[in-house]
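First the structure, in the form of structure tokens, and then the observations on it.
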Amino acid sequence: MPRILVILAHPDLAQSRVAKAVMVAAQAAAQAPTQAEAADDGVELLDLYARYPDYLIDGPAERQRLAQVRLLVWVHPFHWYAMPPLMKLWLDQVLSFGWAYGPGGDALRGRDLWLVTSTGGPQDSYHPAGYNRYAFDAFLPPYEQTATLVGMRFLPPLVLYGAHRASDAEIADHATEFALRLRQYPHWPELDRLANYPDCAACAVPGDARPVALDV
Ligand SMILES: Cc1cc2nc3c(=O)[nH]c(=O)nc-3n(C[C@H](O)[C@H](O)[C@H](O)COP(=O)(O)O)c2cc1C
């Protein structure tokens, strides 16, 4: 199993049903013996709210953690049509200019990004006639473009809709599907049909896109 980093961002994990079940499945995957091709292979879990209760994210340490990661997984509940704040702060602090994008910023190029999330709204609410008015995919361009800008491939998300009313069995199925995917990565049938990694010649951020720091 290639190196996988699962980042959980749940502001209130004690109240969670879905993310908690997903993380239990991830823990089992992390502990399972693998046919490791290299000593570095396997699954690492990072519970972002537990690791950074003060919101003081250690950017250099987190960039180091990503060094050998081939699949980056973001596990979080969908909050206000987006990611919880500490997940967003992780992006702000970790995906730095000259490392993740811009000149020399190719540290994540050729890796995969997978979103595993859940919504309170049932699937039919994510429809022009539903109370969320848009298909769920309409909320994903910020994720997809973030991945593209840093040269990552955005894999089809795993979504559990209608979390509030989901039965224990539905949540267990979701966690099982998640664990199966982890074990099978990168041998997912749909990956063959996905476009290859983004061509960053078309989306490279030029070196003069940011103001030059003034010497004072
Ligand atoms: C602050 C907050 C914002 C939320 N925003 C949304 C939303 O935009 N769309 C939606 O479908 N559900 C929304 N929900 C419901 C969560 O997605 C739902 O509680 C979560 O998926 C359940 O997962 P868990 O069991 O891991 O907590 C929101 C919940 C909270 C607490």
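The table that follows gives values for the structure above.
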| read-out | value |
| --- | --- |
| Helix-only CD estimate at 222 nm, as mean residue ellipticity for the chain, using -39500 (n - 2.57) per DSSP H run (n ≥ 4) | -8500 deg cm²/dmol |
| Nearest-ten-degree value, helix 168-184 long axis tilted from longest Cα axis of the chain | 40 degrees |
| Label-point separation in nm, Arg210 to Asp92, each point 7 Å along Cα→Cβ | 1.5 nm |
| Order of Phe139, Phe78 - criterion: other Cβ atoms within 10 Å of each residue's Cβ, fewest first | Phe139, Phe78 |
| Cα-centred dipole magnitude for the chain, charges only on beta-carbon of K, R (+1) and D, E (-1), debye, nearest 20 | 120 debye |
| Most positive-pole-ward Cα, Leu13, Tyr131, Ala29, against dipole of the chain from beta carbon charges | Tyr131 |
| Relative packing of peptides 108-115, 59-66 - highest average C-beta neighbours within 10 Å first | 108-115, 59-66 |
| Gap separating the Cα centres of the stretch 1-34 and the stretch 153-168, nearest whole Å | 14 Å |
| Cα-based helix-to-principal-axis angle, 85-94 vs the chain, degrees rounded to 10 | 30 degrees |
| Length added when fully stretched, Ala30-Tyr131, from 0.36 nm per residue minus Cα-Cα | 32.5 nm |
| Gain in span if fully extended, Gln145 to Asp168, counting 0.36 nm per residue against the direct Cα distance | 4.9 nm |
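Computed from the coordinates by the stated procedures, all read-outs in this text should not be read as laboratory data. None of the values given here were measured: they were computed from a predicted structure. So basically every Cβ, Gly included, is an ideal-geometry build from the backbone, and we count neighbours across all protein chains shown.
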